[in-house]
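Below is one structure, written out as structure tokens; the observations come after it.
The values are calculated or read from the model by the stated rules, or taken from the named source; none is laboratory data. Note that this is a predicted model, so its numbers are computed, not measured. In this analysis, Cβ positions are derived from the backbone assuming ideal geometry, glycine residues included, and neighbour counts consider all displayed protein chains. Just the protein is used for accessible areas: all its heavy atoms, side chains included, with ligands, DNA and RNA removed. Shrake-Rupley method; radii C 1.70, N 1.55, O 1.52, S 1.80 Å.
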Amino acid sequence: MAILLHHYHASSFAEKVRLIMGYLDVEWQSVLVPSVSPRRQLDLLTGGYRRTPVLQIGANIYCDTSIICRTLSAASGEGQLYSYGFIGDRLAEWGDSQLVDICRILNTRPEALADTIERVAPGQVVDYKKDRASLFKGAGQMKMSVSASLSYLATYLNDLNLWLQNGFVLGDSPSIADFSIYHPLWSLAQSPLNVALLRPYPNVLNWMERMSEFGHGEFEESDQEDALDRAYENEPDMPKGSFLSLPDVKIGDVVEVLPVDYGRVPVSGQLISLSTYQISILRQTVETGNIVCHFPNAGFEVRAIVDEAN
Ligand SMILES: N[C@@H](CCC(=O)N[C@@H](CS)C(=O)NCC(=O)O)C(=O)O
């Protein structure tokens, strides 16, 4: 079944997925979405999940790159990406969180902001600022100063430069850690001001070059109408089994699922599976028919929806 990625060019998390599709040699359909909300058609598929990118396979929707990448790796039968287990996964988590925060702070500092907006949301200065303010409302990670971010970055890049030789972060082939560390640095490299921060680190630059050579795989342009049709025309694959129990929710309950960090917009549906890596809920709309939305377990919370009528 066709694999669709809902994304926009300047998104670094999307670059992580595009590059993994290149590495795994996946054929996919590119569905470009606006870089600021609202995204009416995408919201029909996700139930209002606030972040991008989103992966769609028929009527199955995957929200958050950690579940997207696991799904792509499993579908391709390639075993290498997750072969380092705990170490690879925790390094990837660091790349996707702290390193992302640092690079985001540097790309949105006053001297770099105009270029960043021009790249991400050209001509939409006000919309971009409002949109990202609401995305990060109440989130702790944006409190770090620019100078603290520069200090962290110098330490991390120095260590990475000493660590990297000719291969990849954990060995001769790339693992999920490489892709998660690469994409925030890729976003720095897009900024005419911040690209200079990478220059003192030749091993890091050479590794980035090796990573970029994976390319984006074979893809065709598609659109949001086609994506909605594909969801409507297919029934979702139902995940098998539930291996985890959480307080206050059980399989079959109507629940809401939301990220623990930022973009905390809840998506509601019926809980159909809860496993070590994945939360899955079933949703229905007139436009899409039955849809199953999948979220990673780590980094998301599931809350029972209390029926106030009872
Ligand atoms: N943990 C999420 C983070 C995704 C994320 O922060 N994406 C950014 C784009 S790079 C985003 O959603 N920005 C706001 C938007 O696109 O509306 C993931 O791995 O997918």
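Quick notes
- Summed over the residues of the range 152-289 and divided among them, the accessible surface reaches 51 Å² per residue at a probe radius of 1.4 Å.
- Under-5 Å amide H pairs with Ala59, H placed in peptide plane, nonlocal only: Asp237
- In the chain, helices alone account for a calculated mean residue ellipticity at 222 nm of -12500 deg cm²/dmol, with every DSSP H run of four or more residues adding -39,500 (n - 2.57).
- Applied to the range 117-134, the Karplus parametrisation 6.51 cos²θ - 1.76 cosθ + 1.60 on θ = phi - 60° returns per-residue 3J(HN,Hα) values of 5, 4, 7, 7, 9, x, x, 10, 3, 5, 4, 4, 5, 5, 4, 6, 5, 6 Hz, with x for Gly and Pro.
- Positive-end ranking of Leu188, Ala227, Met238 along the dipole of the range 149-240, with charges on Cβ about the Cα centre, is headed by Leu188.
- With semi-axes defined as the square roots of five times the eigenvalues of the C-alpha gyration tensor, the equivalent ellipsoid of the chain measures 32, 22, 20 Å, largest first.
- Chymotrypsin sites (Phe, Trp or Tyr not before Pro) restricted to DSSP loop in the range 211-270 with at most 14 other C-beta within 10 Å: Phe243
- For the range 49-158, the C-alpha radius of gyration divided by 2.2 N^0.38 Å, with N the number of residues, is 1.28.
- Measuring with a 1.4 angstrom probe and ignoring ligands and nucleic acids, Ser222 comes out at about 30 Å² accessible.
- Solvent-accessible area per residue, Å², over the range 1-144 with all protein chains present [probe radius 1.4 Å]: 39 Å²
- Nonlocal amide H pairs with Glu301, under 5 Å, H built at 1.01 Å: Leu258, Val260
- Backbone HN-Hα couplings from phi across the range 280-297 [Karplus 6.51/-1.76/1.60, Hz, Gly and Pro as x]: 10, 10, 9, 10, 10, 9, 4, 6, 10, x, 6, 9, 10, 9, 10, 10, x, 6
- Candidate lysines - alpha carbon under 19 Å from Lys240, same-chain residues fewer than 8 apart omitted: Lys250
- By accessible area, using a 1.4 Å probe on protein heavy atoms only, the range 161-310 has 50% of its surface on carbon and sulfur.
- Calculated on the Cα set of the range 1-120, radius of gyration then Dmax: 15.2, 45 Å.
- Simple spin-label estimate for Glu118 and Ser268 in nanometres, 7 Å along Cα-Cβ: 4.4 nm
- Alpha-carbon Debye profile of the range 129-229, log10 I(q)/I(0) at 0.12, 0.13, 0.20 Å⁻¹: -0.58, -0.66, -1.09
- The mean sequence separation of alpha-carbon pairs under 8 Å and at least six residues apart, normalised by the residue count of the chain, gives a relative contact order of 26 percent.
- Area accessible to solvent at Glu233, 1.4 Å probe radius, in Å²: 140 Å²
- Each residue of the range 77-87 is assigned a 3J(HN,Hα), and the resulting list reads x, 7, x, 6, 4, 10, 6, 8, x, 3, 5 Hz, derived from the Karplus form 6.51 cos²θ - 1.76 cosθ + 1.60 (θ = phi - 60°), x at Gly and Pro.
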